[in-house]
Amino acid sequence: MSERRKLSGRTIIALLAVAALIVGVLTAVLTVNAVRNAPKHAPELTAYAHGETVDVTPFAYCAVTMRDCRVLPRNATDIAGTIFENLPCEAAGCETGRTIALPVPPGYPLQLSLPRQITDAPWRAQLVYATEDGRLVETVKSAKDYPENARALTIDSRPMPELRLVGVELQLLTLARDETGETFPIPHAAWSIVTM
């Protein structure tokens, strides 16, 4: 005759604890594997003006070596005459970059919130203003113009009565060397906002 043993309360609790531990370890392994194999996305910044917030995806995003571009505009006229004009996009998973529109009424600032991937790297912002007669005036701001590792920027939409902000391009920089050996900064990534 077989004898049936009854499990004690302690044994049941121990078995449940082991089962919970196994489920926890399995969940952790699956989570780590999913994060490791997740596609890497280029960083985004957030722009805010006059009560409206938009996420700004990259217009172009390449490695500092100017290879392995993950984001490039498909429309050739968008990048004609820029450093990105002749760069190939990664064959698999190439994303389309674009300029984001955010109206900024005169007198209201444009505020940018930058992720750490931008603030930890050399960057500059090219600000484009229009005069009343339609002439464009460009100014450049860089990380040097703000407190160290500033993650929020405020850009004046009308720094002078005759100027009106029409666009901003935030760029991550890398050094290039020309045929004479002189080095100069060029963008390897850019985020573009039109403000009119």
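Throughout, read-outs are computed from the coordinates displayed, never taken from laboratory work. None of the values given here were measured: they were computed from a predicted structure. So basically every Cβ, Gly included, is an ideal-geometry build from the backbone, and we count neighbours across all protein chains shown.
Below, the figures for the structure above:
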{"quantity": "Listed candidates (i) 24, 18, 17; (ii) 28, 21, 15; (iii) 50, 23, 15 - label of the one calculated as semi-axes √(5λ) of the Cα gyration tensor in Å", "calculated": "(iii)"}
{"quantity": "The stretch 45-194, relative contact order in percent, only Cα pairs under 8 angstrom and at least six apart counted", "calculated": "28 percent"}
{"quantity": "Charge dipole magnitude, Cβ of K and R +1, D and E -1 - the chain, Cα centre, debye nearest 20", "calculated": "1480 debye"}
{"quantity": "Computed E for Q111/V64 - FRET, C-beta separation, R0 30 angstrom, nearest 0.05", "calculated": "0.65"}
{"quantity": "Long-range amide H partners of V56 with built H, under 5 Å", "calculated": "L45, T46, A47"}
{"quantity": "Between the stretch 54-80 and the stretch 85-147, the alpha-carbon center distance in angstrom", "calculated": "13 Å"}
{"quantity": "Mean Cβ count within 10 Å, highest first, over the residues of peptides 165-175, 78-88", "calculated": "165-175, 78-88"}
{"quantity": "Helix-only mean residue ellipticity at 222 nm for the chain, each DSSP H run of n ≥ 4 adding -39500 (n - 2.57), per residue, nearest 500", "calculated": "-6000 deg cm²/dmol"}
{"quantity": "Other-chain or far-sequence residues with amide H under 5 Å of V166's (modelled H)", "calculated": "V128, Y129, A130"}
{"quantity": "Mean Cβ neighbour count within 10 Å, used as a protection proxy, ranking 179-192, 141-154, 6-19, 61-74 highest first", "calculated": "61-74, 179-192, 141-154, 6-19"}
{"quantity": "For the stretch 125-132, 3J(HN,Hα) per residue [Karplus equation, 6.51 cos²θ - 1.76 cosθ + 1.60, θ = phi - 60°, Hz, x = Gly/Pro]", "calculated": "10, 8, 9, 10, 10, 10, 8, 5"}
{"quantity": "Amide H contacts of S142 (H built 1.01 Å from N, under 5 Å, at least 5 apart or other chain)", "calculated": "A125"}
